[in-house]
Structures are given as structure tokens and as C-alpha cells.
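Q: Right, I'll just put the structure down here and ask away after.
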Amino acid sequence: MNAAPVAKPGFRELYTPKIFTVLKQGYGLAGLRADALSGLTVAIVALPLSMAIAIASGVTPDRGLYTSIVGGFIVSAFGGSRFQIGGPAGAFIVLVAAAVAQHGVEGLLLATFLSGLMLAAIGLLRLGTFIKYIPYPVTVGFTAGIAVIIFASQIRDLLGLQLEHEPGPLLPKLQALGGALPTASPMAILVAGITIGAIVLVRRYRPHWPSFLIAVVAASVCVALLGLPVSTIGTQFGGIPQSLPVPHLPDFTYAKVIDVLPNALSFTLLGSIESLLSAVVADSMTGRRHRSNCELVAQGLANIASPLFGGICVTGNIARTATNVRSGARGPISGMLHSVFLLLFVLVAAPAASYIPLAALAGVLAIVAWNMVEKHAFARLLRVSWGDAAVLLVTFLLVIFRDLSEGILIGFALSAFLFLHRMAQVVAVEQVHSWVEDDRPDDVADKASDGTELAARMASDIAVIRVSGAFFFGATSAVEAALDRIGDKPKAYVIDLSAVSLLDSSGVAIIEDLARKAGQRRAAVYLVAATRAVRHTLLRHGIRETGARFRRDVGSAVESAQGEVLG
């Protein structure tokens, strides 16, 4: 009895935001309490980061806050991940700064808006599924590289260094930080150390308590009461804006759209990759599954809405998403509340937020960066396979020293080449029976357990060839060489395809070539036990036109070949 076919999920199932899934499964006060604490913790982390990323990107700090408030809320409300936190990301600093330098702020807003349209289209066309096929070594290397970048970005605040301009690339950044070491602040180092120590102790002895929130609040109170000479949000960034701007569309003209289109494409590529990688990281930390196409639609909507309020590029942020998970979030409401808390900070809590020391927030991010690195997986991949180790290290080093998207794309390409190489090594061509048999006693020949083998011995001019594995373009040279060794002596070929898992047009071309050459010598070719998919591929390429014939099993093929040879 055949199993009933499983119905494919429809649009509603694929694009229903995760928040509805969470609410449908049951969501009570305990979940709301956990999400509120997590959202508050993430908001505290996102507040200075949003402004700092904006400043580093060449725009004013308030635009970073608008991005987290508007874009972050939409990502969580409409996304396909339970834990994704959206907002401005450090990965975009170079791209955004280049767009501002080339086209000004208005050009940046237009490029962001166009990128949102592209992201939504990618999601609606269900192309996000393919972005999910990222090899594990690439994911581990990318995540580790992001962690290093995050930690390096916090060294200045961890040590309280006085540095006017901090370069973006890692090596110049480390050189500048090294030159500024004499300006290190013992008080900032003390605050950062206390924050990290408090987080570690709370997690060890009270793992269910919000360790990030406790540590940051404690550090802020100490700095405010004792008047410690350390940089805070207030001293570093000045006043926090206390209102959202009136939304307005970017300035659209055909010429401007054409000018900023390359920037929009760059935003789309990096945004889709980083957002889905962030969702994958959240899945690996929680055991949940996100819906990639729904997530990309939400990212698109967020990037459409953000520039309407003067915000910059929105993407899923690995650091803040990891912070969200580690802080005990239960669902998307945490991300929505993170945006609400940021809005409250903007509207009413600016004076209190000004007391948060940057060294404390740097300590939080140092812990986040440490936890992001899959240390055991990193070490295991370096040990078990040279290929996986190469992909891991190439991705890791390119992300750190070159570019995020470049590291991902080259790591993925290297993984693809290694996969093709491994698949090509798996294919095997075995001549089951030789054409010339040594004489054997009758009692041995008659005891053959396989009637096929006995039949083959009766016709020494029949070659029975078994091909196994993936018969694709990467393996054609090996198969062709094996067939060439058999030569043109046989008067009939029986090709057993029962163990061929994959056949592409290059593999079909090899079989067609063999069949045509055999036909010129009036030798028969039988294709045996092909799976439905393999048989379909052969027929679509017109294999019957070469004279090749299909048979159900080797025995019947050999029997037919005997009639050809002996008849």
C-alpha cells in the first residue's frame, strides 16, 4: 500500500510570523516576564551600539536608534525566527560609510529602501531556502570571526583608551589601540572586570537570573554614586534624542535609483546572509527552527520602514540575538519589547541611560563574543578533516581581515569544490566479469550461486559493468578512463546502474558515447536496474536513439546479450 503524498505547505504556513506560532502554543505571564527581562537586557546593549554603529557609518547617532526602534520592532513582529533581534550591524559600517560618501545621507536612505524591496522579493520568491544551505564549517568560521570583530570593537571601552579615530579593519584597529595603551584608565578596567565577574558569578550560582541586567545596573549605580571617572553614554554621546521624526519617503528619481542600485545590491546580499546566519545561530543555541523566507520578508519590510524615519540598514544581529537567547527570551515579543524599551529610553529615560558606563557594556559584549564562538566545534573541525579545516580557517580569516560577505562566499565556494571532489572520489566502475575465463572444474562452475554469473561465463564476449555512486561531471573522467580500459573487445555491454544515486548530463554523455561506439561495431548496450530518476534523465537526453536498451536486472540483460552474441 502506497503512502499518501504529503501536501506541500502553502503560503499561509510559510509566511505566518513566528509570533502567532508562539501565541498559539500558549503564552502566559511567565513567558512575558522572561521576554520583558530579555528585551530590557538587549535594549541596554543595543542603546550605545546603535549610536556607535551609526557614528562609525558616517551618520548621526540618532539614526542608529531609529533603526533599532522601527526596524527592530518589524523584524520581531513579522519575522520567521523566535529570537532574531534586528537593528544596525557592525558588518554594514564599511558599506554604509561608502554609500554616504558617494551619495550622501539621502542616497543612503534610498539605497536602504531599495534593498528592503529586494529582500522582500527574495523572500516571496522563496529563494531564502537556498541561502540556508551554508556548510557547517562556514557557519562556525563566520560566527567565530564575528565574535573576534565584536571583541576587538570593545577593547577601547574595556580599557578606557583615549582614541579619537578607531579604524574599522582589524590590523589597523589593533595598531591604533596598541598606540593608545598609555591612556588606559584603571577605573574603566575595574568597572569592566567587575561587570564580567558579576555575570560569571550570577550565571554560576543563580543561572535563571538576568546576569547581564544585574551586572549593568550594578556598574551604573557604582559609577553614579561614587563618581568614578569613566566614560558613560552621557559623556560619550551627549544627549539622547527624545522624539521620533515624522516619516517621509526618500527622494526618488530615476537617476538616483540607478546611482544607488549597486549599494542596494550590496546591502541586500550582506543583509540576507547575515540575517539568516543569525537565525541559524539562534536555532543552534535553542534547538528551534526558523522560516527563512518569512524572515527575509520581515527584513525587507524593516528596511523599507527604517529609512522612512531616517534610519539606516536593518539586519538580524548575531550578537544581540545571542544576547537575547542567553537572557532567557521565549519568543518574538522579546525583540518587540527591546524596541519599545529603546523608544522609552528616547522619550523619558535619557538621563538615567546616560549613567551607563561604556566599560560595563563592553564587558557584556566580551561575554557575548566568548559565548558565540563554538569552541569545541572549531577544534573538532580542525582535527577531523583537512578539507573542513581549510574551509573553516579560510572563512574565519577572511571575515576577520577582509570582509564578511567575501569570507562567506569564498568559504561556500571552497566547500562546494571540496564536496565535488569527494563525490567524484566515491564513484566506482567495476567490471564484474572478464571476457576470458580460465578453465574450471565442472563442479565449481555448476555451484555458482548467481545465475547471472553462470550465464556471463557462458558468453565470454559479454562485459558486465557495475557503476556506483554519483555519476556527474566531476566523476566522468574516472568513469571514462575505466571504460577505456575495457576497450572494444566485448560484443555486448551490460551496464548495471542500480547503485547510481545521481546522473547528470555529463554522465549521460559518457553512456551515449559508449553506446554509439558500440553501435558502430554492432555491439549491444543494455542499461540495467536504473532508478526512476536515472531512467528519466537518460530518456530525456534521447538515450534510445543510440540503440541502448533498458532491462530490469542483470540476469535478463545477460540473457538478451547471449542471444545477440550467439545468434
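The values are calculated or read from the model by the stated rules, or taken from the named source; none is laboratory data. Remember, predicted model here, so these are calculated numbers, not experimental data. Positions of Cβ are backbone-derived with ideal geometry, glycine not excepted, and every protein chain shown enters the neighbour counts. What goes into the accessible areas is simple: the full protein's heavy atoms, side chains included, and nothing from ligands, DNA or RNA. Shrake-Rupley method; radii C 1.70, N 1.55, O 1.52, S 1.80 Å.
Q: Please determine, in degrees from 0 to 90 and to the nearest 10, the orientation of helix 211-226 with respect to the longest principal axis defined by the Cα atoms of the chain, where the helix direction is its Cα long axis.
A: Helix 211-226 and the main axis of the chain meet at about 20 degrees.
Q: While we're here: Classify the range 513-567 from the C-alpha gyration tensor, please: rounded if a/c falls under 1.5, else prolate or oblate depending on whether a/b exceeds b/c.
A: Here the range 513-567 falls in the oblate category.
Q: Separate question: Once amide H atoms are placed 1.01 Å from N in the peptide plane, what residues at a sequence separation of 5 or more from Val494, or on another chain, have their amide H within under 5 Å of its amide H?
A: Ala463, Val464, Ile465, Tyr526
Q: Then there is this: Which whole-Hz couplings ³J(HN,Hα) result when phi for each residue of the range 284-298 is put into the Karplus expression 6.51 cos²θ - 1.76 cosθ + 1.60, θ = phi - 60°, listed in order with x for Gly and Pro?
A: 5, 7, 10, x, 8, 10, 9, 9, 5, 5, 4, 5, 5, 4, 5
Q: 222 nm [θ] for the chain, helices only, -39500 (n - 2.57) per DSSP H run of 4+, per residue, to 500?
A: Numbers: 27 runs with 365 residues, N = 567.
Taking each H run of at least 4 residues, the total per residue is -20500 deg cm²/dmol.
Q: Another question, if that's okay. When each pair of different Cα atoms in the range 58-188 is counted once in the 1/r mean, what is the Kirkwood radius in angstroms, to one decimal?
A: Taking the inverse mean of 1/r over all distinct Cα pairs, the range 58-188 comes out at 17.6 Å.
Q: Can you tell me the 0 to 90 degree angle between the C-alpha axis of helix 93-124 and the longest principal axis of the chain, rounded to 10?
A: The angle comes out near 50 degrees.
Q: List every residue whose amide H lies under 5 Å from the amide H of Phe550, counting only residues 5 or more places away in sequence or on a different chain, with H placed 1.01 Å from N in the peptide plane.
A: Answer set, sorted by chain and number: Leu527.
Q: I need to check one value: relative contact order of the chain, counting alpha carbon pairs closer than 8 Å and at least 6 residues apart, in percent.
A: Relative contact order here is 21 percent.
Q: With +1 on each Lys and Arg Cβ and -1 on each Asp and Glu Cβ, how big is the dipole of the chain about its Cα centre, in debye rounded to the nearest 20?
A: 1420 debye
Q: What share of the DSSP beta bridges in the chain is antiparallel, in percent to the nearest 5?
A: Close to 30 percent.
Q: Give me the net charge for the shell around Leu414: Cβ to Cβ below 15 angstrom, other residues only, Lys and Arg +1, Asp and Glu -1.
A: Overall, the nearby charge balance is 0.
Q: Rounded, prolate or oblate: which fits the range 259-367 when a ≥ b ≥ c are the square roots of the eigenvalues of the alpha-carbon gyration tensor, with rounded for a/c under 1.5 and prolate only if a/b beats b/c?
A: Note, shape of the range 259-367 comes out oblate.
Q: In Å, what is the Rg of the alpha-carbon atoms in the chain, and how long is Dmax?
A: Every Cα atom of the chain included, Rg and Dmax give 31.4, 106 Å.
Q: Also, I was wondering about something else. According to a simple spin-label model (label point 7 Å from Cα along Cα-to-Cβ), what is the distance in nm between Thr286 and Phe473?
A: For Phe473 paired with Thr286, the spin-label model returns 4.0 nm.
Q: I'd like to check one number: the per residue accessible area of the chain, probe 1.4 Å, reported in Å² as a whole number. Don't skip to the answer; put the middle values down first.
A: Values: 26570 Å² over 567 residues.
On a per-residue basis, 47 Å².
Q: Now for a different question. Calculate how large, on average over all directions, the projected area of the Cα convex hull of the range 83-159 is; give the answer in nm² to one decimal.
A: 7.3 nm²
Q: Quote the convex hull volume per residue of the range 87-128, based on C-alpha atoms, as a whole number of Å³.
A: Hull volume normalised by residue count: 80 Å³.
Q: Run the numbers on the range 50-120 and let me know its relative contact order in percent, using alpha-carbon pairs under 8 Å that are six or more apart.
A: Once divided by the residue count of the range 50-120, the mean separation gives 29 percent.
Q: Please report Rg (one decimal) and Dmax (integer) in Å for the Cα set of the range 359-402.
A: When restricted to the Cα atoms of the range 359-402, Rg and Dmax are 13.3, 40 Å.
Q: Starting from the Cα of Thr21, step 7 Å toward the Cβ, then list every residue of the range 308-331 with an amide N under 12 Å from that point.
A: 331
Q: State, as an integer percentage, the relative contact order of the range 301-433 based on alpha-carbon contacts under 8 Å between residues 6 or more apart.
A: Worked out over the range 301-433, it gives 13 percent.
Q: Continuing with the same structure: Compute the angle between helix 29-56 and the longest alpha-carbon principal axis of the chain, please, reported from 0 to 90 degrees and rounded to the nearest 10.
A: Helix 29-56 and the main axis of the chain meet at about 80 degrees.
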